[in-house]
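Novice: Just dropping this structure here.
The values are calculated or read from the model by the stated rules, or taken from the named source; none is laboratory data. All figures in this text were calculated on a predicted structure; none of them were measured in a lab. For neighbour counting, all protein chains shown are included, and Cβ atoms are generated from backbone atoms with ideal geometry for every residue, glycine included.
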Amino acid sequence: MTLSRTERTHVFMLGSRRERLAWGALIAVVVVIGYGLVLAVDPRFFYIDDTESGAVPNWLQLGRIMREGQFPSLVLDQWMAGNYPVEGQGGLWNPVQMAINYISPSIDNLTLLATVVKLAFSIVLAWGVYRVALVYGARPAWAAVAAASAPFVGFTLFFENTSWVTALMGTAWIMNAWASSVSYARGRSGPIVPFAFLYLAISVGYVHAAVMAGVMIGAVAIGEYVHQRLWRPAARVAAVGIAAAACGAITFLPGLLTSSVTWRSGEEGTFNDNFLTAPWSETLTASIPSSVTSIESWTGETTASPVTYIAWFLIPALAFIAWRRVPDSLRELTAPLILLVFALVFTAGPSDIGPIRWPARILPFVAIVALILVVVLLSRYGTLDRLRPRLLAASLLTFVLVLRAGSSGPELFGRHVVSGLLIIAVGGLVVFLAYRFSTRAAAALLIATIAPVAMYQVASYDPPFDKWWLPTSQSEADAGFPQWQGATLQLGNRTLTETSADSADDPKLPWHSQVYGNSAKIMGLDYVNAYTPVGYEDFSNLLCFEHEGSTCSDAFRRLFLIEPYTGKTFADLMRLDRVVLQKNQYPLADARDAPAGWEWVTPPTADSARQTYVLERINGLIPANTGRIVATVDATAVPESSSADSEHVRVTSIDGGSVVFARLAWPGYTATLNGEPLQTKGLADIFLYVDLPPGTTDADLAIEFRPPGQKLGFVGMAGGVLLLLTLVVLDARRRRPARPAQSPPAEDTAADVTVESSSSAANR
């Protein structure tokens, strides 16, 4: 088949299959080495903040629920943090995440668990970047440079690799979806693979990943239409995106349809408070490894870590591109250019667009797309012609970078100067290798510098998050904490605890007596206190709950107030067995009289006695066979069965009455009385209850919970799968070879083949 000049060039640049596999293997090796060097500097680097206090404990609890043969839904004693379909980031519909959940309880070393999961996704991310660079025509060596750099760009290294693991997962799936979507649009593969990657990206439950998956598919569809000047490839890509979105909608529908009762109900409108927004001027620090950033975060108006760093060679490399020839490729590079523009505009603000906040979360896409564009342009138009002016231009670019880094972190100006000098020196060696030997040698040297730079950054800068110093193993956590049975509520505030230490053995740390975040889930204990980004607004207002389980000093008084309709305290309505009070928040609490029906008890361990007071019910634990019924008004109720998602009760109410349950009145509950619908209500807008009609005698009251939007989600899944099957059939028909026609005369054969090849090239 006759190939055009452009096509011959692209085949050459893609390299042989063996070469592509070799560079792909090297990428994985570099990522592993990078992780090893980082761990040598900080063994807990991949297990801090949200990873140790949120994600990993969630994996453990979800895995235990799955091993009991149940699909995770409500965890009732966790109250507002126990609605997993609403939380979204449990990945309940993501098969890879569910596999991680299922395996997690078997791994005692939690630092190892977090590190291995993040390492695996960093490799998946790197391979995805490699594949994208290849499909746009990068040489394997240059594509490998971008790929090996991707897991260690500043935001990914200091935010996602440390804390926000779901963001890392989403980005990894998106990059592979991107590569597969381009291959599908160009007829090299079918629709199943891009669909699978897109669905995995959406069903992770990270809203920014879902947004970027949609933007990516839109960009690829537009880009392929511009590149090929054919509408069908663009339509195929868009259809795959629609199918994946329809299947993934079930991940977000419960949260969206429950938002009216959560903290998210007030997240309306658009505004900018500059928190985690990234002005475009930060681009000028993208190649200085020592640079800090003017992005405002939890560390103040300046984030004292190199979170906008991309790669030390990225900006200087621009001097070695033959820019006059670049317009020839702009049509084919439409998709990455659209993505880069979108990411730059989005990350610059506003800080909040409804529930979508903190736009700097998209910085990894700025870095990755910039890397891809640069290595593609170097592969196509890299040149050493007129070398001296290019070396001068690269040096001037480096000088500007140093000055910009000095404006963000003037106290580190000496470091920036050293970084600039090293960039010039090592960059000069890279140019020499390219000039004297080959671009492969130059790329190999660039790849060799990636892991040491990451090691230097981790050794020199702290992430913008706190280390909670939670126990690093399940056995260690169990051994040091009271193994309390029953439902426990802790009243305390994490800001009043000591959470900074040199090691997890520091006796000032609260983790042998108190729980914050999801630390109780590590031990499998039934604590109300847990981490939630969603919350249930009225319940959180009752005890002034924070997202990580802290409460205010007035929570103790509120807990034992009498609810007027039932005549019971809120502690009774919550069906609590125990209340733990932080001494720093409630000094001398045990000197006051215990509430009626409760008594002060001696904490079982020295650490817990030093930091907490404990109240328990005088009559012991509430029997498990009573279901979740906590109050009746003018009615009698006998529990028959109770599970996380349902209650069956025999009820009688001659004149009409009510039955109250120790359940939050989440949207999604339905009730029937002898099969007839009954309205569910919220007592104090918190506790689920139903009113029984007069004349109710020995009736069957059934309470069922189904996450709102689940039926619609299943319909979306069915529609998405049907659309995918349609695309598979159409793709099979497109690939089916045409029935051979009668052989033409010998003298006409060559001419016909040439025409057919030209036609194929035009439609490719």
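Novice: For G63, are the conditions met, namely being of a type in the set (G, A, S), modelled with pLDDT of 95 or more, farther than 20 Å from A209 by Cα and out of contact with any Asp or Glu (no Cβ under 8 Å at 6 or more places or on another chain)? Even if it seems obvious, please write down each step before you answer.
Specialist: Numbers: of a type in the set (G, A, S): yes; modelled with pLDDT of 95 or more: yes; farther than 20 Å from A209 by Cα: yes; out of contact with any Asp or Glu (no Cβ under 8 Å at 6 or more places or on another chain): yes.
Yes.
Novice: From V374, V366, grab the single residue that is buried (at least 16 other Cβ atoms within 10 Å of the Cβ) and in contact with a Ser or Thr (Cβ under 9 Å, 6 or more places away or on another chain).
Specialist: Working: V374 fails: in contact with a Ser or Thr (Cβ under 9 Å, 6 or more places away or on another chain).
Answer to the selection: V366.
Novice: When both residues are 6+ apart or on different chains and their Cβ atoms are under 6 Å apart, which pairs have a first residue that lies in the stretch 225-239 and is within 15 Å of V215 (Cα to Cα), and a second that is at pLDDT 95 or above and among the β-branched types (V, I, T)?
Specialist: From residues that are within 15 Å of V215 (Cα to Cα), the pairs are V237/V220.
Novice: Every residue in the stretch 421-474 that is of a type in the set (K, R), more than 29 Å from the chain's Cα centre (by Cα) and either surrounded by fewer than 15 Cβ atoms within 10 Å (Cβ to Cβ) or not assigned by TED's automatic domain parsing to the domain that holds V375 (or both), please.
Specialist: The answer is R436, and nothing else.
Novice: Identify, by number, the condition in (1) more than 20 Å from A114 (Cα to Cα); (2) surrounded by 18 or more Cβ atoms within 10 Å (Cβ to Cβ); (3) more than 23 Å from the chain's Cα centre (by Cα) that A477 doesn't meet.
Specialist: If we test A477 against (1) more than 20 Å from A114 (Cα to Cα); (2) surrounded by 18 or more Cβ atoms within 10 Å (Cβ to Cβ); (3) more than 23 Å from the chain's Cα centre (by Cα), just (1) comes out false.
Novice: Further question: If a residue must be over 20 Å from M574 (Cα atoms), touching a residue at least 12 places away in the same chain (Cβ under 8 Å) and in a strand (DSSP E or B), how many such residues does the stretch 672-684 contain?
Specialist: Total meeting the criteria: 3.
Novice: Here are the criteria: (1) buried (at least 19 other Cβ atoms within 10 Å of the Cβ); (2) among the charged types (D, E, K, R); (3) more than 25 Å from Y136 (Cβ to Cβ). Tell me which single one R388 does not satisfy.
Specialist: (1)
Novice: Also: Just give me the residues in the stretch 331-356 being within 19 Å of G269 (Cβ to Cβ) and either in a loop (DSSP other than H, G, I, E, B) or touching a Leu at 6+ places or on another chain (Cβ under 8 Å) (or both), in sequence order.
Specialist: If the condition is that a residue be within 19 Å of G269 (Cβ to Cβ) and either in a loop (DSSP other than H, G, I, E, B) or touching a Leu at 6+ places or on another chain (Cβ under 8 Å) (or both), then A348, G349, P350, S351, G354, P355 are the ones that fit.
Novice: Consider T602 carefully, then state whether it is buried (at least 17 other Cβ atoms within 10 Å of the Cβ) and farther than 22 Å from N83 by Cα. Step through it out loud before you land on a result.
Specialist: On the way: buried (at least 17 other Cβ atoms within 10 Å of the Cβ): no; farther than 22 Å from N83 by Cα: yes.
So T602 fails the test.
Novice: Still on this structure, I have one more. Does the stretch 27-44 contain at least one residue that is in contact (Cβ under 8 Å) with a residue 24 or more places away in the chain, under 18 Å from M169 (Cβ atoms) and not in a helix (DSSP H, G or I)?
Specialist: No, the stretch 27-44 contains no residue that is in contact (Cβ under 8 Å) with a residue 24 or more places away in the chain, under 18 Å from M169 (Cβ atoms) and not in a helix (DSSP H, G or I).
Novice: Then there is this: Across the stretch 266-277, what is the total count of residues that are in a helix (DSSP H, G or I) and crowded, with 17+ Cβ neighbours inside 10 Å? Full working, then the answer.
Specialist: Looking only at the stretch 266-277, we keep the residues that are in a helix (DSSP H, G or I), and these are 266.
Still in the running and crowded, with 17+ Cβ neighbours inside 10 Å: none.
Number of matching residues: 0.
Novice: Being surrounded by 15 or more Cβ atoms within 10 Å (Cβ to Cβ) and either over 34 Å from the mean Cα position of the chain (by Cα) or not hydrophobic (A, V, I, L, M, F, W, C) (or both) is the requirement here; does A665 meet it? Don't jump to the end; show me each part of the working.
Specialist: Values: surrounded by 15 or more Cβ atoms within 10 Å (Cβ to Cβ): yes; either over 34 Å from the mean Cα position of the chain (by Cα) or not hydrophobic (A, V, I, L, M, F, W, C) (or both): no.
Answer is no for this residue.
Novice: Tell me, yes or no, whether the stretch 368-384 has at least one residue that is in contact (Cβ under 8 Å) with a residue 40 or more places away in the chain, within 30 Å of P533 (Cα to Cα) and part of a helix (DSSP H, G or I).
Specialist: Taking every residue of the stretch 368-384 in turn, at least one turns out to be in contact (Cβ under 8 Å) with a residue 40 or more places away in the chain, within 30 Å of P533 (Cα to Cα) and part of a helix (DSSP H, G or I).
Novice: Could you list, in sequence order, the residues of the stretch 647-666 that are aromatic (F, W, Y) and in a strand (DSSP E or B)? Explain how you work it out, then say what you get.
Specialist: Looking only at the stretch 647-666, we keep the residues that are aromatic (F, W, Y), and these are 661, 666.
Passing the criteria: only F661.
Novice: One residue is enough: does the stretch 367-382 have a residue meeting the conditions touching a strand residue (DSSP E or B) at 6+ places or on another chain (Cβ under 7 Å), closer than 25 Å to V431 by Cβ and among the hydroxyl-bearing types (S, T, Y)? Give the derivation first.
Specialist: To start, the set of residues in the stretch 367-382 that are touching a strand residue (DSSP E or B) at 6+ places or on another chain (Cβ under 7 Å) comprises 377-378, 381-382.
Subset that is closer than 25 Å to V431 by Cβ: 377-378, 381-382.
With the extra rule that they be among the hydroxyl-bearing types (S, T, Y), the set shrinks to 381.
Yes, the stretch 367-382 has at least one match.
Novice: Which numbered condition trips up Q70, out of (1) over 16 Å from the mean Cα position of the chain (by Cα); (2) at pLDDT 95 or above; (3) not charged (D, E, K, R)?
Specialist: (2) is the only condition that Q70 fails.
Novice: Of the residues L615, L581, L576, only one is part of a strand (DSSP E or B) and within 37 Å of the chain's Cα centre (by Cα); which?
Specialist: Numbers: L615 fails: within 37 Å of the chain's Cα centre (by Cα); L576 fails: part of a strand (DSSP E or B).
On inspection, the qualifying residue turns out to be L581.
Novice: With without any contact (Cβ under 8 Å) to a residue 12 or more places away in the chain and assigned by TED's automatic domain parsing to the domain that holds P482 as the only criterion, which of R592, R558 stands out?
Specialist: Details: R558 fails: without any contact (Cβ under 8 Å) to a residue 12 or more places away in the chain.
Answer to the selection: R592.
Novice: Identify the residue in the stretch 221-265 that is in a helix (DSSP H, G or I) and charged (D, E, K, R) and, among all such residues, is farthest from W178 (Cα to Cα). Walk me through it before giving the result.
Specialist: First, pick out the residues of the stretch 221-265 that are in a helix (DSSP H, G or I): 221-228, 231-261, 263-265.
Adding the requirement that they be charged (D, E, K, R) leaves 224, 232, 236, 264.
Values: E224: 12, R232: 18, R236: 14, R264: 31 Å.
Only one residue tops the list, namely R264.
Novice: Starting from residues that are surrounded by fewer than 16 Cβ atoms within 10 Å (Cβ to Cβ) and among the hydrophobic types (A, V, I, L, M, F, W, C), keep the ones in the stretch 97-114 and report whichever is nearest to A196 (Cα to Cα).
Specialist: So the first thing to find is which residues in the stretch 97-114 are surrounded by fewer than 16 Cβ atoms within 10 Å (Cβ to Cβ), and the list is 99, 103, 106, 108-109, 112.
Restricting the remaining residues to those that are among the hydrophobic types (A, V, I, L, M, F, W, C) gives 99, 103, 112.
Working: A99: 16, I103: 22, L112: 28 Å.
Checked the stretch 97-114; the qualifying residue nearest to A196 (Cα to Cα) is A99.
Novice: Cβ contacts < 6 Å: first residue among the small types (G, A, S), restricted to the stretch 568-586; second residue at pLDDT 95 or above and part of a helix (DSSP H, G or I), any location; separation 6+ or different chain. Result?
Specialist: If the second residue must be at pLDDT 95 or above and part of a helix (DSSP H, G or I), the pairs left are A571/L559.
Novice: In the stretch 394-508, which helices (runs of 4 or more DSSP H) lie fully inside it and hold 1 or more residues that are in contact with a helix residue (DSSP H, G or I) (Cβ under 7 Å, 6 or more places away or on another chain), over 24 Å from L39 (Cβ atoms) and among the hydrophobic types (A, V, I, L, M, F, W, C)? Steps first, please.
Specialist: Numbers: elements: 413-436, 439-460, 474-480.
Helices (runs of 4 or more DSSP H) meeting the threshold: 413-436, 439-460.
Novice: Which of (1) closer than 30 Å to A335 by Cα; (2) out of contact with any Phe, Trp or Tyr (no Cβ under 8 Å at 6 or more places or on another chain); (3) modelled with pLDDT of 95 or more is the odd one out, the single condition A425 does not satisfy?
Specialist: So the condition that A425 fails would be (1).
Novice: Mind listing whichever residues of the stretch 522-547 are more than 24 Å from Q483 (Cα to Cα) and over 20 Å from the mean Cα position of the chain (by Cα)?
Specialist: Within the stretch 522-547, Y536, E537, D538, F539, S540, N541, L542, L543, C544, E546 meet the criteria.
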